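Each reported figure results from applying straightforward, stated rules to the coordinates on display, with no laboratory input. Not measured: the values here are computed from a predicted model.
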Amino acid sequence: MKIKNRNYDLKAGSILIGNDGEYRRINMYTLKQASDSLKNVAEYLKANEGVWNEPRDLKLHDVSYYFLSDEMKKDFPLCYEKQEGTEYSDNNMFGWFLNDSGMFFDEWLSEEGIDNSIMCYIGRTSKFYLTDIYNDSISNAIAELMYKLNSSMFNFTDVVNFEIIAYGEFKESDEEVQNELEYICKDFYNDTVDFLSDAIKVAEYIDSFKKNQVKYFKEFLENYEEEYQEEFKQAVETYNTAQNNVNVVQDKYKISDSDMESLKENFNIIAK
């Protein structure tokens, strides 16, 4: 027997051999094997349903509630004082944090090689899905995946209640059916994992950031609080130096406290 063609891995049981000009398979794939493989895909989709079938947004509601709250006033008094009255402005620390967070998110997407078009926005809302297979059922998602991953293939098999069946008069042994069963058994699960890999990464990034958003905002505020503390410290030192100079002059020229107050008032009038 002469082997005319070898298209697949021998271990997979799907070599095509030639005998008198005809080709046939060794160890055919069965509808049951394909159905079992499909169940693995269904289980994977179920385990990751929150990734592909749950709408998300990038809004930071917890930070918006914390900003200029009594808790922020206690945690970061100088930031609170500087920002009081800016709650309706885009140019405030909350807005700055949003801009920085969005910039870091875009940079992370670029580093991971993920296009931001992965976010499928729902109409004109701020909500989006992370794949275009979102649906109300896993069976519908599987059908969409089959078409998306290998649209030219599935013409001879169909999925009914997570069972693979052959179309119409086609039989399990038909070469066209075997090709489709082989893809389902060998590649469909791995292709599904690859298809969802970026969505899983993005979902984990967004979910983790939103879970820790107030923590990250506090870290953001700490930098400004330290800066304002340094400014306040320098202002106090400047005031103390100036006050000390005034006291030196007052003592040197024996100026009474009442005269010093009059001088201060006159200086303030001139300064205005």
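Distance between the C-alpha centers of the stretch 87-120 and the stretch 189-214? Whole Å please.
Between the Cα centres of the stretch 87-120 and the stretch 189-214 lies a distance of 16 Å.
Tabulate in residue order the Karplus-calculated ³J(HN,Hα) for the stretch 200-209, using 6.51 cos²θ - 1.76 cosθ + 1.60 with θ = phi - 60°, rounded to whole Hz; enter x for Gly and Pro.
Karplus-based 3J(HN,Hα) across the stretch 200-209 equals 5, 4, 5, 4, 5, 4, 5, 5, 5, 5 Hz.
HN-Hα J couplings of the stretch 63-69 from phi, Karplus 6.51/-1.76/1.60, θ = phi - 60°, integer Hz, Gly and Pro as x?
Karplus values, whole Hz, x for Gly and Pro: 5, 5, 6, 6, 4, 6, 8.
Output ³J(HN,Hα) for the stretch 83-95: one whole-Hz value per residue in order, computed from phi by the Karplus curve 6.51 cos²θ - 1.76 cosθ + 1.60 with θ = phi - 60°, and x for Gly and Pro.
Those phi angles translate into 9, 4, x, 9, 4, 9, 9, 7, 9, 9, 5, 5, x Hz.
Under a cut-off of 17 Å between alpha-carbon atoms, report the aspartates and glutamates in cross-link reach of residue 210, not counting same-chain residues fewer than 8 places apart.
Once the sequence-local aspartates and glutamates are set aside, what remains near residue 210 is 54, 57, 62, 100, 106, 219.
Hey, which of these cross-link pairs are over 25 Å Cα-Cα: 127/215; 39/186; 127/186; 46/201; 39/59; 148/186?
Details: 127/215 23 Å; 39/186 13 Å; 127/186 35 Å; 46/201 17 Å; 39/59 36 Å; 148/186 17 Å.
127/186; 39/59, as the Cα separations exceed 25 Å there.
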